[in-house]
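J.: Below you will find the structure I want to go over with you.
The values are calculated or read from the model by the stated rules, or taken from the named source; none is laboratory data. Bear in mind the structure is a predicted one, so any value in this text is a computation, not a measurement. Quick reminder, even Gly has a Cβ in these numbers, built from the backbone with ideal geometry, and neighbours come from all protein chains shown. Keep in mind that these areas ignore ligands, DNA and RNA; they rest on the heavy atoms of the full protein, side chains included. Shrake-Rupley method; radii C 1.70, N 1.55, O 1.52, S 1.80 Å.
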Amino acid sequence: MGSQIAHELESAKARIKELVSLVEHHRFLYYVLDRPEISDGEFDKLFHELEDLEKRFPELKDPNSPTEKVGAAPSTEFKEVRHRTAMLSLANAMDEGDLDRWGDRLKRSVSDGDDKEVALGYVCELKIDGLSIGLTYEEGRFVQGATRGNGTVGEDVTLNLKTIADLPAKLKPLEIDAEGLPTFCAGAGAAVEQRLPALLEVRGEVYMSVSSFTELNRGLTEANDSPFANPRNAASGSLRQKNPRITAKRNLSLWTYLAYLEDPVIQQPRSQFECMKMLEVMGFPVEPNRFLADSILEIKDYCRRWSEERHGLNYQTDGVVIKLNDRRLWEELGATSHSPRWAVAFKYPPEEANTILEDILFEVGRTGAVTPVAVLTPVLLAGTTVKRASLHNADQIERLGLRLGDTVVVRKAGEIIPEILSVIVEKRKEESKPFVYPSACPECDTTLIRIEEEVVLRCPNTYGCRAQKERRLKHFVGKEAMNIEGVGEVLVEQLVKADLVDNAADFYKLSFEQLVSLERMGEKSARNVLKEIEGSKERPLAALLFGLGIRHVGATVAELIASHFGSIDRVMEASAEQISEIEGVGTVIAEAVVDYFSQPQNRELIETLKELGLKMEDASPSSADAGEAPAQVFAGKTFVVTGTLSNMDRKQAETAIKMRGGKATSSVSKKTDYLVVGESPGSKLAKAEQLGVTVVNESQFLAMLES
Ligand code: IVH
């Protein structure tokens, strides 16, 4: 009889345990993921069965039983978790010298004072800038996840981790040989069985992709909430939520990089490289750019290569983690209280820094576009001092919620010009006020206009605004235009100020006396300048067309138009339809050309230039030469252009890419190096982000064209 009661009690205990986990699991699916897998009726049945058993066996009832939290959404309690294996930090290598010293030290320890050269293998992994996490799997099921905490004890964030799509809830079994070694390992025999490890501890990094971060901050700003300073903070804030429903909405991601396996049959692979393979085979996300290096030299190459290439990824990395590949040496070498001796973190110099937004200046371009530039308290960033950052347009000022005096996070990544990533709202001074965009031109005080469908503001005072005039003249003498060497930006400003030059034709009317009367202008320089100006009369038609500064007409388009029409007269007579017949020239450009030549001032300018002896036609239209071809800076790079650009159309952008040696294709794939996005980019952007393709906006693209 007694043994029957004992048996009944045993099976009730097991069933209660099972029901508790089932109820918790389904409650999580229902409340947090909004993805129930069973009907309400089925759930109620499980719940009542649990209640009944708890009533019959009150001594077996868990005080934390889900029956105590009727109808409550699961909530994270941040219970303390003691890590089975301490979660250590890493020693840092700040430069290549540190890497050499680390390598030497390793070799000395491993060779045991022996003089023999030891050959060691190393795994290089990108150092993900997120927050480290420890995951526990029992019999292939995710049972617990915890933050690092102080390395020994962390916080239980299991429920929040369960919302991360990358995190496998159930693992795929391993195929092992007769010795218990996974079959993909070096020296393994044929598969004899499939098995899940009894216990698996995994270490990894939870992070937020750059695109999810941008998206999240946009939403927060729109809702008048404070945006996060960077993706790392956003990931940390999102993972440490009491309500996992919020975490679930944050789109967190995961990379895993360490495995500690305990099982009576399965053997832990002997190398770190194979352990990463094992993680992958079992269904974990593992960063794909890892590399097996044979020497410190190869490690340095990898670090150098990724110091640039990492900017093309959709997640932030702040260095490279180098681990000894042979795990048997890990135990031999051991760890200090802070970090293991078998690994080191090579750190890239920080590319983000906090500084103060001192002012927002407005620059008036040659077409009247008024663009904001942030003036920053100078700050050292990735080896250079940054004083200014581009702000692209009014939308960005609004999106970031910028105010003068704000502490801002500036970022400089790769070749991309510095930009303001976010505002640290907590540091905002109480008296600060929202930034008001100017309504009048900062140069000539004319009321600014916003042309429909364009984000930029424009000063409509085309001929009266001194800033526009100066910009136009500087553009006219520029390298790709009339290429008048000796007439630089400063001289143009001097000439305008002295009222000697008002339009492009005035350059050709300058006298020796007028030039030498200018400050810092010697006789020799004056003579040189005159010679240069005279020489520019021979520049090809395309150079002149470009130099006129017609809206949307870049060097490439100017060349297309020049070689099609052959003379300025024919261009001036052409209709928009005729111009847009040229392959690579769209209607927007064609209309801009017609519009330019319909204005009396411009026709007059052309007439004057003609009288002054400028060459207005090409000998043979097909052999037109617009000066030197641009440098092949995009050689080997593949671009996709999507969305509406404001300074050019897609065809123009593609021609500009091709002229610089790049390839322009229409669909985004793994082979794409850059996606250039204009307004309303559509699905290509999402695809690029998913594939980790570098995304550049129009101003960044323009900067690349100019580089
Ligand atoms: S190994 C005991 N591998 O960097 C070895 N860590 O600065 C511990 N991290 O706490 C970690 N990417 O949060 C390792 N591929 C990687 C990593 C990585 C990022 C983080 C991790 C660690 C910190 C040390």
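J.: Within the stretch 262-298, count every residue that is open to solvent by 20 Å² or more (accessible area, probe 1.4 Å) and part of a strand (DSSP E or B).
T.: Total meeting the criteria: 3.
J.: Against the definition (open to solvent by less than 20 Å² (accessible area, probe 1.4 Å), more than 16 Å from the ligand (Cβ to nearest atom) and of a type outside the set (S, T, N, Q)), how does P66 come out, yes or no?
T.: Taking the combined requirement at face value, the residue satisfies it.
J.: Now, a different point. Do we have any residue at all in the stretch 230-237 that's hydrophobic (A, V, I, L, M, F, W, C), touching a residue at least 60 places away in the same chain (Cβ under 8 Å) and under 24 Å from A353 (Cα atoms)?
T.: Taking every residue of the stretch 230-237 in turn, at least one turns out to be hydrophobic (A, V, I, L, M, F, W, C), touching a residue at least 60 places away in the same chain (Cβ under 8 Å) and under 24 Å from A353 (Cα atoms).
J.: Still on this model: In the list E443, E426, E398, E430, which residue meets the criterion of being open to solvent by 40 Å² or more (accessible area, probe 1.4 Å), closer than 25 Å to F228 by Cα and touching a Phe, Trp or Tyr at 6+ places or on another chain (Cβ under 9 Å)?
T.: E398
J.: Considering only residues of the stretch 673-686 that are assigned to a helix (DSSP H, G or I) and modelled with pLDDT of 85 or more, which is least open to solvent (accessible area, probe 1.4 Å)?
T.: The qualifying residue least open to solvent (accessible area, probe 1.4 Å) is L685.
J.: Moving on to the next point. Look at the stretch 301-316 and say how many of its residues are surrounded by fewer than 19 Cβ atoms within 10 Å (Cβ to Cβ), closer than 14 Å to V123 by Cα and either within 13 Å of the ligand (Cβ to nearest atom) or in contact (Cβ under 8 Å) with a residue 24 or more places away in the chain (or both).
T.: Counting residues in the stretch 301-316 that are surrounded by fewer than 19 Cβ atoms within 10 Å (Cβ to Cβ), closer than 14 Å to V123 by Cα and either within 13 Å of the ligand (Cβ to nearest atom) or in contact (Cβ under 8 Å) with a residue 24 or more places away in the chain (or both) gives 0.
J.: Restricting to the stretch 75-105, and then to whatever is away from the ligand (no atom under 16 Å from the Cβ) and under 20 Å from S307 (Cα atoms), can you tell me which residue is least open to solvent (accessible area, probe 1.4 Å)?
T.: The qualifying residue least open to solvent (accessible area, probe 1.4 Å) is G97.
J.: Might you let me know whether the stretch 513-525 holds any residue that is within 20 Å of C441 (Cα to Cα), open to solvent by less than 70 Å² (accessible area, probe 1.4 Å) and outside any loop (DSSP other than H, G, I, E, B)?
T.: No, every residue in the stretch 513-525 fails to be within 20 Å of C441 (Cα to Cα), open to solvent by less than 70 Å² (accessible area, probe 1.4 Å) and outside any loop (DSSP other than H, G, I, E, B).
J.: Pairs needed: first member in the stretch 689-707, over 14 Å from S390 (Cα atoms); second member anywhere, among the basic types (K, R) and assigned to a helix (DSSP H, G or I); C-beta distance under 9 Å; at least 6 residues apart or different chains.
T.: Once the first residue is over 14 Å from S390 (Cα atoms) and sits in the stretch 689-707, its partners that are among the basic types (K, R) and assigned to a helix (DSSP H, G or I) give V693/K687.
J.: Out of V487, V455, V436, report the one residue that is within 23 Å of L391 (Cβ to Cβ), in contact with a helix residue (DSSP H, G or I) (Cβ under 8 Å, 6 or more places away or on another chain) and at pLDDT below 95.
T.: Checking each option against the conditions leaves just V455.
J.: Being under 30 Å from L29 (Cβ atoms), without any contact (Cβ under 8 Å) to a residue 60 or more places away in the chain and polar (S, T, N, Q): is that true of Q268 here?
T.: For Q268, the condition - under 30 Å from L29 (Cβ atoms), without any contact (Cβ under 8 Å) to a residue 60 or more places away in the chain and polar (S, T, N, Q) - is not met.
J.: Residue pairs, Cβ under 7 Å, 6 or more apart or interchain, first in the stretch 549-575 and in a loop (DSSP other than H, G, I, E, B), second of a type in the set (D, E, K, R) and at pLDDT below 90. List them.
T.: Qualifying pairs under 7 Å: G549/R366; G566/E617; G566/D618.
J.: Which of the following residues is within 16 Å of the ligand (Cβ to nearest atom), farther than 14 Å from L324 by Cα, touching an Asp or Glu at 6+ places or on another chain (Cβ under 7 Å) and open to solvent by 40 Å² or more (accessible area, probe 1.4 Å): G134, G149, G130?
T.: Just one listed residue meets the conditions, G149.
J.: Find the residue count for the stretch 254-279, including only residues that are away from the ligand (no atom under 11 Å from the Cβ) and within 25 Å of the chain's Cα centre (by Cα).
T.: Summing the residues that are away from the ligand (no atom under 11 Å from the Cβ) and within 25 Å of the chain's Cα centre (by Cα) in the stretch 254-279 gives 1.
J.: If the requirement is being in contact (Cβ under 8 Å) with a residue 12 or more places away in the chain and on the phi > 0 side of the Ramachandran plot, which of these qualifies: F57, F28, F78?
T.: F78
J.: Quick one: G334 ticks every box in (1) on the phi > 0 side of the Ramachandran plot; (2) crowded, with 16+ Cβ neighbours inside 10 Å bar one, so which box is it?
T.: If we test G334 against (1) on the phi > 0 side of the Ramachandran plot; (2) crowded, with 16+ Cβ neighbours inside 10 Å, just (2) comes out false.
J.: Going residue by residue through the stretch 653-672, is there one that turns out to be of a type outside the set (A, V, I, L, M, F, W, C), over 28 Å from A686 (Cα atoms) and either open to solvent by less than 50 Å² (accessible area, probe 1.4 Å) or within 23 Å of the chain's Cα centre (by Cα) (or both)?
T.: no
J.: Quick check on the stretch 31-43: of everything there that is at pLDDT below 90 and assigned to a helix (DSSP H, G or I), which residue is most open to solvent (accessible area, probe 1.4 Å)?
T.: Only one residue fits best here, namely D40.
J.: If you take the residues of the stretch 230-251 that are open to solvent by 10 Å² or more (accessible area, probe 1.4 Å) and either among the aromatic types (F, W, Y) or within 16 Å of the ligand (Cβ to nearest atom) (or both), which of them is nearest to L29 (Cα to Cα)?
T.: To start, the set of residues in the stretch 230-251 that are open to solvent by 10 Å² or more (accessible area, probe 1.4 Å) comprises 230, 232-233, 236-237, 240-243, 245-246, 248-251.
Still in the list and also either among the aromatic types (F, W, Y) or within 16 Å of the ligand (Cβ to nearest atom) (or both): 230, 232-233, 236, 240.
On the way: N230: 30, R232: 27, N233: 27, S236: 23, R240: 19 Å.
By that ranking, first place goes to R240.
J.: Would a scan of the stretch 561-573 turn up a residue that is open to solvent by less than 10 Å² (accessible area, probe 1.4 Å) and modelled with pLDDT under 85?
T.: There is no residue in the stretch 561-573 that is open to solvent by less than 10 Å² (accessible area, probe 1.4 Å) and modelled with pLDDT under 85.
J.: Considering only the stretch 172-219, state which residues are among the aromatic types (F, W, Y), within 16 Å of the ligand (Cβ to nearest atom) and out of contact with any Pro (no Cβ under 7 Å at 6 or more places or on another chain).
T.: none
J.: A further question follows. Would you call S226 more than 15 Å from the ligand (Cβ to nearest atom) and at pLDDT below 95?
T.: yes
J.: Next question, about the same structure. Go through the stretch 46-100 and give me each residue that's assigned to a loop (DSSP other than H, G, I, E, B) and under 30 Å from R341 (Cα atoms).
T.: H83, R84, T85, A86, M87, L88, S89, L90, A91, M94, D95
J.: Please give the strands (runs of 3 or more DSSP E) falling wholly within the stretch 317-367 in which 2 or more residues are within 11 Å of the ligand (Cβ to nearest atom) and over 14 Å from Q272 (Cβ atoms).
T.: 317-324, 343-347
J.: Looking at (1) under 14 Å from G643 (Cβ atoms); (2) small (G, A, S); (3) more than 16 Å from the chain's Cα centre (by Cα), which is the only condition A688 fails?
T.: Checking A688 against (1) under 14 Å from G643 (Cβ atoms); (2) small (G, A, S); (3) more than 16 Å from the chain's Cα centre (by Cα), the one that fails is (3).
J.: Do you know which of the residues in the stretch 478-496 that are closer than 22 Å to R520 by Cβ and within 36 Å of the chain's Cα centre (by Cα) is least open to solvent (accessible area, probe 1.4 Å)?
T.: Checked the stretch 478-496; the qualifying residue least open to solvent (accessible area, probe 1.4 Å) is G478.
J.: Say whether the condition of being within 16 Å of the ligand (Cβ to nearest atom) and open to solvent by less than 20 Å² (accessible area, probe 1.4 Å) is met by at least one residue in the stretch 139-146.
T.: Taking every residue of the stretch 139-146 in turn, at least one turns out to be within 16 Å of the ligand (Cβ to nearest atom) and open to solvent by less than 20 Å² (accessible area, probe 1.4 Å).
J.: When you scan the stretch 551-558, do you find a residue that is out of contact with any Asp or Glu (no Cβ under 7 Å at 6 or more places or on another chain) and within 19 Å of L612 (Cβ to Cβ), even just one?
T.: Pass one, the stretch 551-558, residues out of contact with any Asp or Glu (no Cβ under 7 Å at 6 or more places or on another chain): 551-554, 556-558.
Subset that is within 19 Å of L612 (Cβ to Cβ): none.
No - not one qualifying residue is present in the stretch 551-558.
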